[in-house]
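Chemist: Below is a structure I'd like to ask you about.
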Amino acid sequence: MTDEKKNGEITEPVEEKKAEIKGDGKETGTDKKIEVKAAPEKKEEVKEPEIEKKEAASEAKKVEEKKAEPPKEEVKAKSKEAVEESVETKKEDSVDEKKTKKDLGNLNFYPELRTDLPEIRSGDLIKVFYRVLEGGKERIQLFEGTVIAIKNSGIAKTITVRKTSFGISIERIFPLNSKLVQKIDVVKRSRVRRAKLYYLRKLKGKAARLKELR
């Protein structure tokens, strides 16, 4: 018999639960059941009336923008018109450039061209009356020499005059249409066969003289 009698009471053996004692003195049972908590169900968020109003306004704006946008056909037509206008402007510019090039050769194109000066040729002996401004005063300087070169045309026309005084040769360039040139007098015309008389730079004395045209 496994039962023991003590003081007339019958006692049965009871299985003790195994327990482990941790370092902090708490008992942890191995036979305890682990309860798993289920995740709380998400509640559906209820939209507030202000958010609904904002969404409705944004949708209305999108609809208005779509209505305001021009159709693709109109955009293509406008782009073609812009291209045609640019081509026309380029053509007009090229025509204007051609006209200006033609006008450059026409003396009437320059309103400031002087007409009071005599005809000047290479080899002419001339007197140039040039205005000189010094310290607020004005005086006229006379320069007499031979024309050895005529350059440019129109308003930029210039002449190169060469003279020899006391064995020293001097060359000076005068703009014909300058207001500083008071007047030009032709003293003598010479017979030459060149437009540029640069060979006179190497000659001296009688060899540098030109034959007078009679």
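Chemist: For segment 175-185, just list the computed ³J(HN,Hα) in residue order, Karplus coefficients 6.51, -1.76 and 1.60, θ = phi - 60°, integers in Hz, with x standing in for Gly and Pro.
Modeler: Values, residue by residue: x, 5, 9, 6, 6, 6, 7, 6, 7, 10, 10 Hz.
Chemist: Taking K and R as +1 and D and E as -1, what net charge do the other residues with C-beta under 9 Å from the C-beta of LYS183 add up to?
Modeler: Here the count lands on -1.
Chemist: Once label points are set 7 Å from the Cα along Cα→Cβ at both PHE166 and ALA57, what is their separation, rounded to one decimal in nm?
Modeler: Placing both labels 7 Å beyond Cα along the Cβ direction yields 9.7 nm.
Chemist: I'd like the Karplus ³J(HN,Hα) series for segment 156-172: coefficients 6.51, -1.76, 1.60, θ = phi - 60°, whole numbers in Hz, and an x wherever there's a Gly or Pro.
Modeler: 9, 5, 9, 10, 10, 10, 10, 9, 10, 9, 6, x, 10, 8, 10, 10, 9
Chemist: Name the shape class, rounded, prolate or oblate, that the alpha-carbon gyration tensor gives for segment 134-181, where a ≥ b ≥ c are the square roots of its eigenvalues, rounded holds for a/c under 1.5, and otherwise prolate holds if a/b is larger than b/c and oblate otherwise.
Modeler: Working: a/c = 3.06, a/b = 1.02, b/c = 3.01.
Since a/c reaches 1.5 but b/c is at least a/b, the shape of segment 134-181 is classed as oblate.
Chemist: Which entries of LYS127/LYS206; LYS137/LYS163; LYS157/LYS211; LYS127/LYS157 show an alpha-carbon separation above 19 angstrom in the structure shown?
Modeler: The pairs that break the limit, which is 19 Å between Cα atoms, are LYS127/LYS206; LYS137/LYS163; LYS157/LYS211.
Taken together, the values in this text are just the output of simple stated rules run on the coordinates, not laboratory data. Fair warning: this is a prediction, and the values are worked out from it, not measured in the lab. Don't worry about glycine lacking a Cβ; one is built from the backbone with ideal geometry, like all the others, and counts go over all protein chains shown.
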